[in-house]
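The values are calculated or read from the model by the stated rules, or taken from the named source; none is laboratory data. Here the structure is a predicted model, which is why all the values come from computation and not from measurement. So basically every Cβ, Gly included, is an ideal-geometry build from the backbone, and we count neighbours across all protein chains shown.
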Amino acid sequence: MSTDAIVLLKEDHKEIRRLFKAFQDAEDGPASRRGKIVTQIIEALTVHTYLENEVMYPEVRKLVPDVEDDILESYEEHHVADVLCLELFAMDADDERFVAKTTVLIENVLHHVEEEEQEWFPKVRDALGRNQLQEIGQRMLDLRPKAPKTPTAPEALKKARDAVTA
């Protein structure tokens, strides 16, 4: 298994895309099925954004000042995803807005992933050496078991409060 931070984040993106496809395939099925998939989406996004916010973004922001604007935008995109995840987490899958809210989450996250993979990952890879990316990736792997899995976890709530008061 690679410890390259960009490889690890792209693996997360691939899993998140798979979950999005599963949700879209289940849109006409029972609400309970959609609800289970959304629970998996929320967990995957909560863990992923936590690792980026706590490890990748601060480190890259320090080491690659040219991408600071991209990272600030990414923090805001994460905030939007966090709010949508928190709302979906509290919703019943039978709610008339559940599919619409999930669709908005999917659209926002796919836009964010596209920007990361096409625009700033290449800049980061060019600026940082292999060893630096592996060190960052190892820190993310070490932190992953401690990452919150739901948006109601204390870390996620604190992050949401901090974003609102910043």
Of the candidates K36, K14, the one satisfying the condition of being in a helix (DSSP H, G or I), under 16 Å from the mean Cα position of the chain (by Cα) and at pLDDT 95 or above is K14
Within the stretch 79-94, can you find the residues that are over 12 Å from I42 (Cα atoms) and buried (at least 18 other Cβ atoms within 10 Å of the Cβ)? H79, A93
Looking only at residues that are among the hydrophobic types (A, V, I, L, M, F, W, C) and part of a helix (DSSP H, G or I) in the stretch 56-70, which one is nearest to V109 (Cα to Cα)? M56
Could you check how many residues of the stretch 17-33 are in a helix (DSSP H, G or I) and in contact (Cβ under 8 Å) with a residue 24 or more places away in the chain? 7
Residue, nearest to the chain's Cα centre (by Cα), within the stretch 114-151, restricted to residues that are of a type in the set (D, E) and more than 19 Å from P65 (Cα to Cα): E114
Residue check, P151 touching a residue at least 24 places away in the same chain (Cβ under 8 Å) and under 30 Å from A26 (Cβ atoms): yes
Could you grab the pairs with beta carbons closer than 6 Å, sequence gap of 6+ or different chains, first residue in the stretch 58-80 and touching a residue at least 12 places away in the same chain (Cβ under 8 Å), second one surrounded by fewer than 19 Cβ atoms within 10 Å (Cβ to Cβ) and basic (K, R)? V67/K123; I71/R61
